[in-house]
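Some notes on the structure that comes next.
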């Protein structure tokens, strides 16, 4: 039998606790990644819940595949998300995809230009609520593919990309 002084046992236990705590912090940081970020709904029907488990009450049922949501927190396989109306709740990550989409915000119809140039031909007008696939974004405009039209839209009229973020 090996005898270890009590003071040394306490030191070893304290060091182990500190290493364990730092490991948990680094693991949590790696799992969550930078936030907020945008995702979109992957399925035809998705439940937003009050908390991060199936035991929590359903707040909203989304029936619009591709709708963009902003991830503001994570917990295990759950994502705390915000929709374009400001509603916040939790969704299971299996319901979400990293595919980037955007929605035309309220106001008059927005012009969709053929090129990243307001003097180019207008190829379509997108109504508020129109959902499109983001193909790329610069500082002022985003290239978006809507059903039946593809072109450039003023990013100030889109919800689904952060100000100043390039995509």
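The values are calculated or read from the model by the stated rules, or taken from the named source; none is laboratory data. Small disclaimer: the values here were computed from a predicted structure and weren't measured. So basically every Cβ, Gly included, is an ideal-geometry build from the backbone, and we count neighbours across all protein chains shown.
Numbers for the structure displayed
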item: Criterion: closer than 17 Å to residue 167 by Cα, out of contact with any strand residue (DSSP E or B) (no Cβ under 7 Å at 6 or more places or on another chain) and surrounded by 13 or more Cβ atoms within 10 Å (Cβ to Cβ) - qualifying residue of 142, 137; result: 137
item: Considering residues of segment 86-107 that are modelled with pLDDT of 95 or more and closer than 14 Å to residue 153 by Cβ only, the residue surrounded by the most Cβ atoms within 10 Å (Cβ to Cβ); result: 102
item: Strands (runs of 3 or more DSSP E) fully within segment 105-167 counting 2 or more residues that are within 22 Å of residue 41 (Cβ to Cβ) and more than 20 Å from the chain's Cα centre (by Cα); result: 149-154
item: Every residue from segment 45-88 that is in contact with a helix residue (DSSP H, G or I) (Cβ under 8 Å, 6 or more places away or on another chain) and assigned to a loop (DSSP other than H, G, I, E, B); result: 77
